[in-house]
Each structure stands twice: as C-alpha cells, then as structure tokens.
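Enquirer: Below are the structure tokens for one structure; questions will follow.
The values are calculated or read from the model by the stated rules, or taken from the named source; none is laboratory data. Bear in mind the structure is a predicted one, so any value in this text is a computation, not a measurement. Don't worry about glycine lacking a Cβ; one is built from the backbone with ideal geometry, like all the others, and counts go over all protein chains shown. What goes into the accessible areas is simple: the full protein's heavy atoms, side chains included, and nothing from ligands, DNA or RNA. Shrake-Rupley method; radii C 1.70, N 1.55, O 1.52, S 1.80 Å.
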Amino acid sequence: MPLAVARSWIESELPALMARRRVPAAAVGVLQDGQVLDHAYGILNLATGVEATTDSLFQVGSITKLWTTDLVMQLVDEGRVGLDDEIRRHLPGFAVADEEAAATITIRQLLSHTAGFEGDVFTDHGPGDDAVERFIASMGDLPQIFAPGERFSYSNAGFAVLGRLVEVLRGTTWDRALQERLAAPLGLTHIATTAYDAIRFRAAMGHIDPAPEHVLRPGPAWGMARASGPVGAMLSMRVRDLLGFAAMHLAGGTAPGGTRVVSAASCAEMLTRQVDHPASTRSDARGLGWSLDDLSQGIVGHDGQTIGQSAFFRMVPEHGLAVALLTNGGDTYGLYHDVVGHLLDDLAGVRIAPDPVPPSEPPAGFDTGRLLGTYRARIVDWTLHQNPDGRLWVEEIPGPEGVAIGDEPQSYEVLPYAIDQVVTADALHGAHRVFGFTGRDPAGRATHLTTSRVFPRANLGA
C-alpha cells in the first residue's frame with residue numbers, strides 16, 4: 001500500500017475509530033523508505049476544546065527510554081563507558097538496599113531491565129536541575145527482588161540511573177543532553193522535556209476515566225516529576241519528530257544530512273536479544289532499551305504511558321518502516337490495534353500479535369489455591385482472592401506514589417488463562433491483561449506475580 005493510500009485510509013477511518021474507542025485526540029505518523037506522512041484529529045483538552053493539529057505535542061512516555069538508551073550508547077561509541085561496566089565505576093555513590101547487588105549491577109543490565117531492584121519509583125525531587133541527582137541519591141532503600149541478570153522486570157528506576165550516568169559524564173542535565181545530542185543533530189524542532197518547554201507549543205492534555213462513572217476528564221496533572229525525565233515523565237513531541245528519531249535508526253545511526261549520531265554497531269546491538277520477556281507480556285524479548293515485539297516478523301519498538309496519555313511506536317527495519325500513534329485517553333490499546341495493526345499489515349505484510357482473550361474452558365491442572373494472596377511493591381499492591389461463589393478477582397491498591405500520579409483502586413474479575421496465569425474477564429483500555437505467577441515457597445504457594453514487572457508475595461516466607 002503506497003503512502004498516499006495509507007493517508008486516505010487514515011483520514012477517512014480515524015475519526016470513527018477514535019469515536020468508538022473514546023479517544024479525544026490522536027496523531028498518526030508513518031515513515032516508509034524515507035517518506036513521511038502525519039495526521040492529527042480530535043480535541044487536545046476536553047476542558048478547553050483546543051483541537052489537535054500535526055504540530056501538536058503529545059507525551060511519548062516510556063518511548064523516552066529509547067532516547068536515553070541512545071545517549072548512553074553515544075558514550076559507549078566514544079569509549080567512555082562499556083556495556084558491562086559496573087555502574088559504580090562511573091557513579092561511585094550508587095546504592096540500593098542490597099550492597100552486593102549494588103556493587104555488581106552493570107550498564108547492560110540497566111538497559112535490558114535485568115538489574116533486579118524494585119523499579120517503579122516516581123518520587124518528586126522538585127523541578128530543579130538537580131532532580132535526577134537527588135532521585136538517584138534516594139534509592140538506597142530499594143529492595144532487590146532478584147539477583148542482577150537473573151530475569152527481566154521492567155524498571156523505570158533503572159533508567160533514571162542511566163539518565164544520571166549521562167548527566168555526570170556529559171557535565172549537563174539529561175534534558176540538555178537530549179536536546180543537544182539528539183534533537184539538534186536530527187533537526188527536530190518540536191521537542192519538550194519539561195512543562196516549561198511544552199507551554200511554548202500546542203500540547204495535549206491526558207484524560208482519565210476513573211471508575212465507576214467511566215467519564216473521560218482531564219487528568220490531575222499534565223506531567224510527572226522531572227526526576228523521572230530519563231524514564232518518560234514528560235518528553236513530548238510531534239509525531240513527525242518521533243519519526244525523525246526512527247529515521248535515524250533505520251539509517252543505521254545517521255541523521256538526514258549524514259551526521260553520525262549513533263554508530264551502526266550500537267544501533268544493531270540495541271536490537272539484539274538480551275533477555276526473554278515473561279509469558280505475561282505481549283512481546284518476545286528485550287534488546288538494549290528496545291522491545292523486540294515479534295522476533296519472527298522483525299517488529300521492534302516501545303510503548304509509553306503517562307497521566308492519561310498513551311503512545312505506541314513500532315519499526316520494521318527490514319521494510320524501512322516505522323509507525324507511531326500518540327493519544328490522550330480512552331481505549332488506547334484498542335485504537336493501537338485498529339490503526340497501527342492495520343498499517344503494519346498493509347504496508348509491510350506483518351501482523352502484531354493479537355491481545356489475549358479469556359479461554360472458553362479453564363486450562364487443565366490450574367491450581368487456584370497456590371496463587372491466592374497479596375503481591376507487593378512500593379507503588380502498588382496486587383491481591384488475588386476468590387469469592388465464595390468461586391469467582392476470582394484481582395484488587396489493585398496503589399501506594400502513595402501511585403496515588404500521586406493519578407492511580408486509583410481498581411478491581412478486576414479474572415479467569416484462568418494458562419497454568420499459573422489469569423486474564424482479566426473484561427478488556428481494560430481496549431485490551432485484556434494477563435497476570436502470571438512464578439516460584440514455589442515451602443507451602444507450595446507462588447512466590448511472585450508477573451506482569452511486565454515482578455512483584456514478590458507480601459508475606460513471602462511466612
């Protein structure tokens with residue numbers, strides 16, 4: 001399908017798809033063989049009625065981690081760090097609760113989400129240039145969930161450490177490093193790393209639909225704490241600028257004018273499998289920063305979630321193709337399948353994996369009893385319990401930091417999905433969610449709950 005046909009499809013179909021998915025505004029971008037199309041539609045802020053244009057900025061959330069990865073890989077290219085260096089070699093004060101782990105955690109493990117310490121921490125350390133530094137200095141009490149390198153558990157805090165690595169070795173803030181070493185050489189003009197930057201542009205506001213009314217409304221805040229900037233707290237851009245980043249990667253690390261931004265070797269290493277993802281995720285494995293969504297079809301990318309904003313970014317390097325979808329609320333995973341799935345199929349003949357759906361019959365050998373209990377992290381408690389009628393429910397109770405970013409208590413009915421897995425009975429924001437359980441304590445109970453993260457049982461060993 002040529003891009004002209006793709007544009008016609010987007011322009012004709014997007015409004016109805018967004019209405020069905022209750023998405024206030026969206027920007028869609030496609031890059032193929034060096035040609036770019038972008039389109040935007042909808043309302044950026046339901047409280048003000050401002051309309052989306054192709055120059056509108058949306059938050060890209062954790063897609064930011066790909067940008068932080070590039071900043072680290074530039075240091076690797078210069079020989080200033082090695083991927084298998086212990087992080088303490090460059091950040092001597094780095095500490096988590098497990099001293100032995102802190103001394104051995106490597107840059108590669110941080111980039112591949114295998115460092116093993118608790119990763120969902122979003123403490124606000126103020127808006128100043130020292131926010132990331134102060135965040136890293138506060139990590140000394142973070143527990144070690146598993147030994148470094150043992151397995152995958154998505155870690156926001158790990159990328160804050162990498163952001164600090166960039167700051168120390170560049171002698172500047174992460175924000176300035178991103179602007180000077182990525183945005184500028186790529187010629188990207190609509191990039192904001194803080195609310196102070198974003199106010200200069202036409203920026204989207206995230207929307208939430210808290211239970212029980214499920215009525216979309218602007219979120220409690222536009223962005224998260226600056227300390228989590230390298231993680232994905234506030235980075236915002238036009239969809240065209242995200243495609244400019246993709247173009248550099250598809251060109252093996254060179255900018256349009258031929259400037260070398262990242263080495264070809266580093267670009268290849270980022271897309272090389274480092275660790276498998278758990279069965280409870282929708283993708284196959286992790287490279288350095290990048291999610292390797294489907295190794296058989298060559299689909300790579302990353303998603304991003306902030307306060308009411310969701311972003312989806314996929315590349316198929318073999319086909320010179322990148323597709324991005326930026327949104328500000330509603331059933332965003334459903335719209336992702338509607339739009340990104342359609343474009344990838346039509347433009348490259350590749351198909352994103354279907355989301356899980358509840359099976360018609362429970363799996364043989366499913367043992368409810370060993371899974372029941374509470375699994376805990378700083379940001380959230382998950383409790384799987386069974387009602388007297390036999391129905392299973394997961395209770396999601398956010399901790400204080402979760403509440404601070406707009407999370408509210410939720411309850412989901414779940415059904416047996418596979419051995420040691422349950423799936424939500426209803427779709428959440430357009431997709432069913434899978435919870436996996438691993439390990440076995442002396443009483444036979446599961447020791448950990450897994451999503452894209454690993455959560456230990458609250459009373460493990462009791």
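Enquirer: Looking at the structure I just gave you, is Met1 modelled with pLDDT under 95, touching a helix residue (DSSP H, G or I) at 6+ places or on another chain (Cβ under 7 Å), closer than 16 Å to Leu343 by Cα and of a type in the set (A, V, I, L, M, F, W, C)? Working first, answer last.
Expert: Details: modelled with pLDDT under 95: yes; touching a helix residue (DSSP H, G or I) at 6+ places or on another chain (Cβ under 7 Å): yes; closer than 16 Å to Leu343 by Cα: yes; of a type in the set (A, V, I, L, M, F, W, C): yes.
Yes: the conditions hold for Met1.
This table checks each residue for (1) modelled with pLDDT of 95 or more; (2) open to solvent by 10 Å² or more (accessible area, probe 1.4 Å); (3) touching a Ser or Thr at 6+ places or on another chain (Cβ under 9 Å).
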site: His90; (1), (2), (3): yes, yes, no
site: Glu99; (1), (2), (3): yes, yes, no
site: Ile107; (1), (2), (3): yes, no, no
site: His113; (1), (2), (3): yes, no, yes
site: Ala131; (1), (2), (3): yes, no, yes
site: Gly149; (1), (2), (3): yes, yes, yes
site: Phe159; (1), (2), (3): yes, no, yes
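Enquirer: Further, regarding this structure: Would you confirm, using the coordinates I've provided, whether Arg282 is open to solvent by 60 Å² or more (accessible area, probe 1.4 Å) and without any contact (Cβ under 8 Å) to a residue 60 or more places away in the chain? Spell out the reasoning first.
Expert: Working: open to solvent by 60 Å² or more (accessible area, probe 1.4 Å): yes; without any contact (Cβ under 8 Å) to a residue 60 or more places away in the chain: no.
Answer is no for this residue.
Enquirer: Quick one: would you say Val231 is within 18 Å of the chain's Cα centre (by Cα), more than 16 Å from Thr306 (Cβ to Cβ) and surrounded by 24 or more Cβ atoms within 10 Å (Cβ to Cβ)?
Expert: On the way: within 18 Å of the chain's Cα centre (by Cα): yes; more than 16 Å from Thr306 (Cβ to Cβ): no; surrounded by 24 or more Cβ atoms within 10 Å (Cβ to Cβ): yes.
Here the answer is no, as Val231 does not meet what is asked.
Enquirer: With the requirement that a residue be out of contact with any Pro (no Cβ under 7 Å at 6 or more places or on another chain), open to solvent by 60 Å² or more (accessible area, probe 1.4 Å) and within 15 Å of Arg370 (Cβ to Cβ), what does the stretch 407-461 give you?
Expert: Those that are out of contact with any Pro (no Cβ under 7 Å at 6 or more places or on another chain), open to solvent by 60 Å² or more (accessible area, probe 1.4 Å) and within 15 Å of Arg370 (Cβ to Cβ): Arg440, Pro442, Ala443, Asn459, Leu460.
Enquirer: Considering each residue of the stretch 328-355, count those that are assigned to a loop (DSSP other than H, G, I, E, B) and either touching a Leu at 6+ places or on another chain (Cβ under 7 Å) or at pLDDT 90 or above (or both), and give that number. Don't jump to the end; show me each part of the working.
Expert: As a first pass, look at the stretch 328-355 and keep what is assigned to a loop (DSSP other than H, G, I, E, B): 328-331, 349-355.
From what's left, either touching a Leu at 6+ places or on another chain (Cβ under 7 Å) or at pLDDT 90 or above (or both): 328-331, 349-352.
Qualifying residue count, the stretch 328-355: 8.
Enquirer: Here's a check for you: in the stretch 342-363, which residue that is closer than 17 Å to Asp284 by Cβ and not β-branched (Val, Ile, Thr) is least open to solvent (accessible area, probe 1.4 Å)? So that I can check it myself, show each step before the final result.
Expert: Pass one, the stretch 342-363, residues closer than 17 Å to Asp284 by Cβ: 344, 350-356.
If we keep only those that are not β-branched (Val, Ile, Thr) as well, we get 344, 351, 353-356.
On the way: Leu344: 0, Arg351: 156, Ala353: 53, Pro354: 114, Asp355: 30, Pro356: 21 Å².
Out of the qualifying residues, it is Leu344.
Enquirer: Something else about it: Out of Phe245, Phe312, report the one residue that is assigned to a helix (DSSP H, G or I) and either aromatic (Phe, Trp, Tyr) or in contact with an Asp or Glu (Cβ under 8 Å, 6 or more places away or on another chain) (or both). Break it down stepwise before answering.
Expert: On the way: Phe312 fails: assigned to a helix (DSSP H, G or I).
The conditions single out Phe245.
Enquirer: Filter the stretch 52-79 for residues that are open to solvent by 10 Å² or more (accessible area, probe 1.4 Å), of a type in the set (A, V, I, L, M) and under 17 Å from Leu243 (Cβ atoms) and give the result.
Expert: Within the stretch 52-79, the subset open to solvent by 10 Å² or more (accessible area, probe 1.4 Å) is 52-55, 62, 74, 76-79.
Within this subset, residues satisfying the condition of being of a type in the set (A, V, I, L, M) are 52, 76.
Passing the criteria: only Ala52.
Enquirer: Further, regarding this structure: List the helices (runs of 4 or more DSSP H) inside the stretch 37-134, counting only whole elements, that have at least 2 residues being under 19 Å from Ala225 (Cβ atoms).
Expert: On the way: elements: 64-77, 99-104, 107-111.
Counting at least 2 such residues, we get 64-77.
Enquirer: Oh, and also: Can you name the condition, by its number, that Tyr41 falls short on among (1) more than 22 Å from the chain's Cα centre (by Cα); (2) surrounded by 24 or more Cβ atoms within 10 Å (Cβ to Cβ)?
Expert: Checking Tyr41 against (1) more than 22 Å from the chain's Cα centre (by Cα); (2) surrounded by 24 or more Cβ atoms within 10 Å (Cβ to Cβ), the one that fails is (2).
Enquirer: While we're here: Please count how many residues of the stretch 162-203 are open to solvent by 50 Å² or more (accessible area, probe 1.4 Å), in a loop (DSSP other than H, G, I, E, B) and farther than 22 Å from Ser56 by Cα.
Expert: 1
Enquirer: May I ask you to list the residues in the stretch 114-171 that are free of Cβ contacts under 8 Å to residues at least 40 places away in the same chain and touching a strand residue (DSSP E or B) at 6+ places or on another chain (Cβ under 9 Å)?
Expert: The one that is free of Cβ contacts under 8 Å to residues at least 40 places away in the same chain and touching a strand residue (DSSP E or B) at 6+ places or on another chain (Cβ under 9 Å): Gly116.
Enquirer: Looking only at residues in the stretch 381-406 that are in contact with a Gly (Cβ under 8 Å, 6 or more places away or on another chain) and surrounded by fewer than 19 Cβ atoms within 10 Å (Cβ to Cβ), which one is nearest to His214 (Cα to Cα)?
Expert: Quick first cut of the stretch 381-406, residues in contact with a Gly (Cβ under 8 Å, 6 or more places away or on another chain) only: 381, 383-384, 406.
Then keep just the ones that are surrounded by fewer than 19 Cβ atoms within 10 Å (Cβ to Cβ); that gives 381, 383, 406.
Details: Asp381: 22, Thr383: 23, Gly406: 14 Å.
Looking at residues that are in contact with a Gly (Cβ under 8 Å, 6 or more places away or on another chain) and surrounded by fewer than 19 Cβ atoms within 10 Å (Cβ to Cβ), I get Gly406.
Enquirer: Please count how many residues of the stretch 87-113 are in contact with a strand residue (DSSP E or B) (Cβ under 7 Å, 6 or more places away or on another chain) and charged (D, E, K, R).
Expert: Here the count works out to 1.
Enquirer: Pairs needed: first member in the stretch 257-277, assigned to a helix (DSSP H, G or I); second member anywhere, modelled with pLDDT under 95; C-beta distance under 8 Å; at least 6 residues apart or different chains.
Expert: That search, which allows pairs on different chains as well, returns nothing.
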